[in-house]
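Shown next, in structure tokens, is the structure this report addresses.
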Amino acid sequence: MKNKVFIYGLGSIGQRYARLLRSTYGDDIDIFTRRRRNRKELIDPTLQSSRTLDPSGFYKIQEVNELNDLPAAIDLSIIASPIHLHFNDLMEVNNFTNSKRILVEKPLSGMNSKTLTPDEKRALNTLMENEIFIAFQSRYSKLYEHLSLEISKFDRNSIYGYQSWFSENLESMHPYEDYKASHMGNKLQQGDPMSCFSHDIDVLISLMGEAKVVDYFESKKSYLEITTPDIQRITLTIDKYPKIHSQIYFDFIGWPPRRGGEIMLRDGRIVWNWLTQEITTQHKSRGIETYSFASVSRDEMFIEMLTQLLEAEKKSEIKAATLKDALKVNDIIVQSSRLINHEN
């Protein structure tokens with residue numbers, strides 16, 4: 001029997017899911033979509049676009065006008081809409097489709113999201129036992145797995161610092177669109193560097209444990225025509241590591257892109273680079289050890305996630321972040337919004 005997948009939104013990330021599902025399963029899968037903007041624009045793996053090709057036809061996707069037009073049972077629903085729509089789309093898909101599993105693009109909501117009402121909080125709590133996952137793709141990185149292994153080799157009292165950074169120029173990030181029209185730099189659509197790059201928050205929490213924001217900084221000084229900050233930085237304490245000083249830095253102005261991190265040890269450092277997929281441990285007793293995972297592509301990480309979501313028999317067999325994990329990340333974003341201390 002064919003798997004049935006529903007993709008809510010067919011922008012660049014929705015098309016990536018469609019492309020990988022079709023290339024992995026061929027015609028042994030039925031793909032459905034509901035589109036809001038209905039742009040007839042195919043975005044290829046290099047992020048170039050063609051306005052002469054329609055992604056629905058190219059990937060053999062069946063479009064529906066309403067959720068009740070979908071088949072009676074869906075194996076996987078993927079919410080690939082802009083950030084400000086994630087929460088409402090999740091509730092709608094959960095309530096009006098018979099989806100075995102749901103994958104939501106990260107984060108669940110952004111920096112400028114409204115406070116949930118008591119009824120919305122109760123509705124969200126009822127979903128905790130459902131098979132709902134969040135697409136923090138770093139969970140499928142071999143670098144992430146090795147970083148977790150390296151951290152486990154050191155006593156927690158010998159870890160003194162954690163820093164990570166995600167710096168990428170918004171103007172050149174997505175060649176297929178005018179950055180000024182993107183949700184990423186739109187405050188009303190819950191865009192900003194921290195919300196869009198929130199997988200770095202998930203990495204910190206999933207590797208080091210629960211954290212609390214003690215300082216937040218934002219700034220907007222670049223030429224970018226956006227309504228969000230172009231730089232954000234959070235300082236956190238981590239419950240399990242009493243001596244640690246931790247910071248995560250995000251920006252929309254850096255070129256060339258820079259994404260990685262560093263853990264400062266009593267007698268060394270662990271340094272990683274997400275772009276080159278390399279991790280190096282420098283230690284007085286162990287010397288220098290470098291590992292590369294560049295042979296694993298980003299598409300391969302996506303494919304592993306999708307095949308687990310479609311084929312795993314048990315929820316526990318799936319490495320993807322859960323709704324509970326997403327709420328921890330969301331809580332860090334909310335804490336930051338309450339500590340705004342920006343430069344003009």
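The values are calculated or read from the model by the stated rules, or taken from the named source; none is laboratory data. Everything quoted here is computed from the prediction, not taken from an experiment. Please note: Cβ atoms are built from the backbone with ideal geometry, for glycine as well, and neighbour counts cover all protein chains shown.
Numbers at a glance
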| quantity | calculated |
| --- | --- |
| Residue satisfying condition, being more than 25 Å from TYR160 (Cα to Cα), outside the structural domain of ARG156 (by TED's automatic domain parsing) and among the hydroxyl-bearing types (Ser, Thr, Tyr), within set SER337, SER316 | SER316 |
| Unique residue being more than 14 Å from ILE201 (Cβ to Cβ), assigned to a helix (DSSP H, G or I) and of a type in the set (A, V, I, L, M, F, W, C) when the list is ILE303, ILE340 | ILE303 |
| Enumeration of residues in segment 238-262 that are under 22 Å from the mean Cα position of the chain (by Cα) and in a strand (DSSP E or B) | ILE238, SER246, GLN247, ILE248, TYR249, PHE250, ASP251, ARG258, ARG259, GLY260, GLY261, GLU262 |
| Within segment 278-291, considering residues that are in a strand (DSSP E or B) and surrounded by fewer than 16 Cβ atoms within 10 Å (Cβ to Cβ), the one nearest to the chain's Cα centre (by Cα) | THR290 |
| Candidate set: segment 55-82, residues that are in contact (Cβ under 8 Å) with a residue 24 or more places away in the chain and among the charged types (D, E, K, R); chosen: the one surrounded by the most Cβ atoms within 10 Å (Cβ to Cβ) | ASP75 |
| Index of the failed condition, SER164 passing every other in (1) touching a helix residue (DSSP H, G or I) at 6+ places or on another chain (Cβ under 6 Å); (2) modelled with pLDDT under 95; (3) closer than 30 Å to LEU265 by Cα | (2) |
| Helices (runs of 4 or more DSSP H) (entirely within segment 170-230) containing at least 1 residues that are more than 30 Å from ILE159 (Cα to Cα) | 170-173 |
| Scope segment 115-162; condition crowded, with 16+ Cβ neighbours inside 10 Å and either in a strand (DSSP E or B) or among the β-branched types (Val, Ile, Thr) (or both); matching residues | ILE132, PHE133, ILE134, ALA135, ILE151, ILE159, TYR162 |
| Some residue of segment 76-84 being more than 17 Å from the chain's Cα centre (by Cα) and either at pLDDT 90 or above or not in a helix (DSSP H, G or I) (or both) | yes |
| Filter pass, THR52 being among the β-branched types (Val, Ile, Thr) and buried (at least 18 other Cβ atoms within 10 Å of the Cβ) | no |
| Those residues of segment 39-49 which are without any contact (Cβ under 8 Å) to a residue 60 or more places away in the chain and assigned to a strand (DSSP E or B), in sequence order | LEU42 |
| Flag if LEU275 is aliphatic (A, V, I, L, M), in contact with a strand residue (DSSP E or B) (Cβ under 9 Å, 6 or more places away or on another chain) and assigned to a helix (DSSP H, G or I) | no |
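A quick yes/no check of all residues on (1) of a type outside the set (D, E, K, R); (2) modelled with pLDDT of 95 or more; (3) outside any loop (DSSP other than H, G, I, E, B); (4) not assigned by TED's automatic domain parsing to the domain that holds LEU67:
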{"residue": "ILE7", "(1), (2), (3), (4)": "yes, yes, yes, no"}
{"residue": "LEU10", "(1), (2), (3), (4)": "yes, no, no, no"}
{"residue": "ARG19", "(1), (2), (3), (4)": "no, yes, yes, no"}
{"residue": "THR33", "(1), (2), (3), (4)": "yes, yes, yes, no"}
{"residue": "ARG37", "(1), (2), (3), (4)": "no, no, no, no"}
